[in-house]
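What follows is one structure encoded as structure tokens, with my remarks underneath.
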Amino acid sequence: MRSRTRIKICGMTDMEEVRHAVAAGVDALGFIFAQASPRYIDPERARAIISSLPPFVDAVGVFLNDEAERVAEIVQYCNLTVIQLHGDESPDYCRGFQTRVVKAFQVHDNLTAQDLLAYEEVVCGFLLDTYDKNQAGGTGKAFDWALIHKLQPGKPLILAGGLGPANVARAIAEVSPFAVDVNSAVEREPGRKDPELISRLVEAVAAAS
């Protein structure tokens, strides 16, 4: 029997949308602290939202090539439960946090299993996303899932990249990820989620799992 696929919605900025996502059954919520992102949230606002979360819903902080000291400060201030790193952070950088770390990789032909293997001892999971030379995430585009096989991730796989209500069931059937990470496909505009699309996403994942 296949285990239930977990769901993370990333790029949250609004309290009511967070409450709807939690009520719909989402497992984790992502808060983007990379200031160049259109879905950036300042720590003060994130802290207020995260303080309202019920038990067993993870608050994930998304960072990009940031100073470790700033990351640690935001983790403590906002009470984040997971750190998600989307830049060129090294294994030694990841090792420096007490909080669980997910390392994101953009999937392309030159990415190898050895690239992931270097991080296996210092992260709790790998997030695989669509490659875009101009964006570190949130592209709204899916990648060729067949490329995942050669990467042989040795930690739980979180699948990202263009996932939404229309294609998440096929993604689960083909990849069997531990979790899916969804962003732009459930938005009205960057950072503002559509409650109806979130509900449809959760229903599609539940049916596929």
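The values are calculated or read from the model by the stated rules, or taken from the named source; none is laboratory data. In this text, all values refer to a predicted model and were calculated from it rather than measured experimentally. Backbone-built Cβ (ideal geometry, glycine too); neighbour counts: all protein chains shown.
Give just the number: which of (1) surrounded by 17 or more Cβ atoms within 10 Å (Cβ to Cβ); (2) more than 16 Å from the chain's Cα centre (by Cα); (3) closer than 29 Å to A207 by Cα does P43 not satisfy?
Here P43 clears every test but (3).
Is there any pair with a first residue in segment 27-56 that is closer than 12 Å to N79 by Cβ and a second that is among the basic types (K, R) whose Cβ atoms are under 8 Å apart and which are 6 or more apart or on different chains, and what are they?
What qualifies is S52/R19.
Write out, first by first residue and then by second, each pair whose Cβ atoms fall under 7 Å of each other, whose residues are 6+ apart or on separate chains, and whose first residue, in segment 65-88, is more than 18 Å from S51 (Cα to Cα) and free of Cβ contacts under 8 Å to residues at least 60 places away in the same chain while the second is surrounded by fewer than 20 Cβ atoms within 10 Å (Cβ to Cβ) and of a type in the set (D, E, K, R).
As it stands, the answer is N65/D88, since those pairs meet every condition given.
If T139 passes every condition in (1) part of a loop (DSSP other than H, G, I, E, B); (2) closer than 19 Å to Q35 by Cβ; (3) at pLDDT 95 or above but one, which one does it miss?
The number of the failed condition is (3).
Evaluate segment 190-204: report whether one residue or more is surrounded by fewer than 17 Cβ atoms within 10 Å (Cβ to Cβ), in a helix (DSSP H, G or I) and of a type in the set (D, E, K, R).
Within segment 190-204 (the criterion being surrounded by fewer than 17 Cβ atoms within 10 Å (Cβ to Cβ), in a helix (DSSP H, G or I) and of a type in the set (D, E, K, R)), the answer is yes, since at least one residue qualifies.
With the structure loaded, tell me whether S37 is surrounded by 19 or more Cβ atoms within 10 Å (Cβ to Cβ) and among the hydroxyl-bearing types (S, T, Y) or whether it fails that test.
Numbers: surrounded by 19 or more Cβ atoms within 10 Å (Cβ to Cβ): yes; among the hydroxyl-bearing types (S, T, Y): yes.
The answer is yes for S37.
Per-residue answers, yes or no, for (1) outside any loop (DSSP other than H, G, I, E, B); (2) of a type outside the set (A, V, I, L, M, F, W, C); (3) within 19 Å of A179 (Cβ to Cβ):
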| residue | (1), (2), (3) |
| --- | --- |
| V71 | yes, no, no |
| Q84 | yes, yes, yes |
| G87 | no, yes, no |
| C94 | yes, no, yes |
| F105 | yes, no, yes |
| Y119 | no, yes, yes |
| F126 | yes, no, yes |
| L147 | yes, no, yes |
| G154 | no, yes, yes |
